[in-house]
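These notes are about the structure you will find just below.
No lab work stands behind these numbers, since they all come straight from the coordinates. Model, not experiment: these values are computed from the prediction. Cβ atoms come from the backbone with ideal geometry, glycine included; neighbour counts cover every protein chain shown.
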Amino acid sequence: MACDGPQARRSYATRCGCLWLFLVGAAAVHAQTCQSAADMEPAVRMALETTAKHYFDVAVRGDSATLQQNSIAAVAANFSGIEAAVKESQAAFTGAHAAVRPPYVLTTEGSETQEHNEFLCGVFGKSGQTTDSAVFMLHNLPPGKYAVVIIDAQGGQDARTLTMILQQVGTDWKLAGFYARPVKVNGHDGAWFAQRAREFKTKGQNRNAWLYYREATALSAPVDFMSTLVTDKLYDEMQAVLPSDLPVNGTTVDVSAGAKTYHLTDVFPLAVGNDLDVVAKYQAADVSNTAQTYQENVAVTKALLAKFPEFREAFAGVIVRAVEPSGRDYGSLMAMKDVK
């Protein structure tokens with residue numbers, strides 16, 4: 001249940017994130033409200049914080065079966081994504097101190113699933129968000145009462161946030177989403193990447209700046225479907241360096257290698273261990289011949305760096321992924337120093 005990184009689209013006072021909880025049909029928009037912790041009954045807040053802490057402790061034990069048993073039906077039936085996230089995060093959570101942030105309760109009314117849901121939480125000013133606000137953008141959300149609870153897990157192997165979506169079922173709060181995310185890359189947080197983005201902008205390296213702003217935004221919010229005053233400001237800064245020669249908002253960009261032209265569909269940063277790499281996806285008719293696809297990936301890697309040599313300064317490696325129309329892909333990683 002993961003989303004891609006920040007998108008260059010914005011609604012009221014926020015850029016848009018994405019969440020898929022349920023793959024069901026959409027209908028007309030109905031009323032939707034948000035209660036921040038200060039507005040909810042103390043008993044509700046305590047129940048949410050207690051439930052979230054319990055689910056965190058279960059995740060620390062790696063007990064995916066118990067989490068699945070305590071999930072809503074739609075999530076329990078398709079639990080592999082959460083199970084993988086639990087397994088991947090267990091070492092980082094073990095030994096960490098878990099601090100629960102003030103939760104939010106999101107309510108959707110009506111009788112049908114809503115295609116787009118925008119929840120404005122907290123206090124807003126005349127210019128939009130404030131330090132006491134947040135916006136959640138959720139898609140395909142059936143009517144009901146939900147909660148967003150964020151846990152800061154620090155002191156373990158590496159600092160992470162765990163964001164859980166809970167849905168009220170009777171008197172219980174069931175798991176409806178589980179998102180674990182590191183808060184640093186190689187010891188650097190979102191503010192560091194934002195500053196580096198500004199430095200790249202000053203040097204005229206707008207592509208590097210754009211990609212570092214994306215990483216800064218991702219590290220500054222616990223999930224992609226939440227925006228805050230910090231992420232909104234980063235979004236505004238990003239627009240000043242929006243590159244016309246990188247694929248953005250569904251566009252494609254061509255790179256040539258020899259006599260062949262490749263159509264890039266996405267370029268984005270990706271943390272791999274302690275490194276930050278740049279990922280490029282391109283359209284491919286067929287990736288079943290992996291030896292041939294690898295050679296094509298190498299050709300695209302070299303063409304990408306020939307077209308955008310500034311990437312050598314900003315990234316440790318290049319990951320190129322050939323993607324079939326079916327979605328099947330084949331990727332290759334090359335360290336930047338090895339690309340001649």
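Would segment 264-271 turn up any residue that is among the small types (Gly, Ala, Ser) and outside any strand (DSSP E or B)? No, because not a single residue in segment 264-271 is among the small types (Gly, Ala, Ser) and outside any strand (DSSP E or B). From the list 158, 245, 254, which one is surrounded by fewer than 22 Cβ atoms within 10 Å (Cβ to Cβ), part of a loop (DSSP other than H, G, I, E, B) and more than 22 Å from the chain's Cα centre (by Cα)? Going through 158, 245, 254 in turn, just one is surrounded by fewer than 22 Cβ atoms within 10 Å (Cβ to Cβ), part of a loop (DSSP other than H, G, I, E, B) and more than 22 Å from the chain's Cα centre (by Cα): 245. Taking into account only those residues within segment 188-220 that are assigned to a loop (DSSP other than H, G, I, E, B) and in contact (Cβ under 8 Å) with a residue 24 or more places away in the chain, which is nearest to residue 125 (Cα to Cα)? For segment 188-220, the residue satisfying everything is 189. Residues of segment 266-323 that are among the acidic types (Asp, Glu) and buried (at least 16 other Cβ atoms within 10 Å of the Cβ): 266, 277, 296, 310.
Within segment 202-228, track down each residue that is surrounded by fewer than 19 Cβ atoms within 10 Å (Cβ to Cβ) and on the phi < 0 side of the Ramachandran plot. Answer for segment 202-228, where residues must be surrounded by fewer than 19 Cβ atoms within 10 Å (Cβ to Cβ) and on the phi < 0 side of the Ramachandran plot: 202, 203. Within segment 154-187, the set of residues being free of Cβ contacts under 8 Å to residues at least 60 places away in the same chain and basic (Lys, Arg) comprises 181, 184. The number of residues in segment 114-129 being closer than 19 Å to residue 236 by Cβ, surrounded by 14 or more Cβ atoms within 10 Å (Cβ to Cβ) and of a type in the set (S, T, N, Q) comes to 1.
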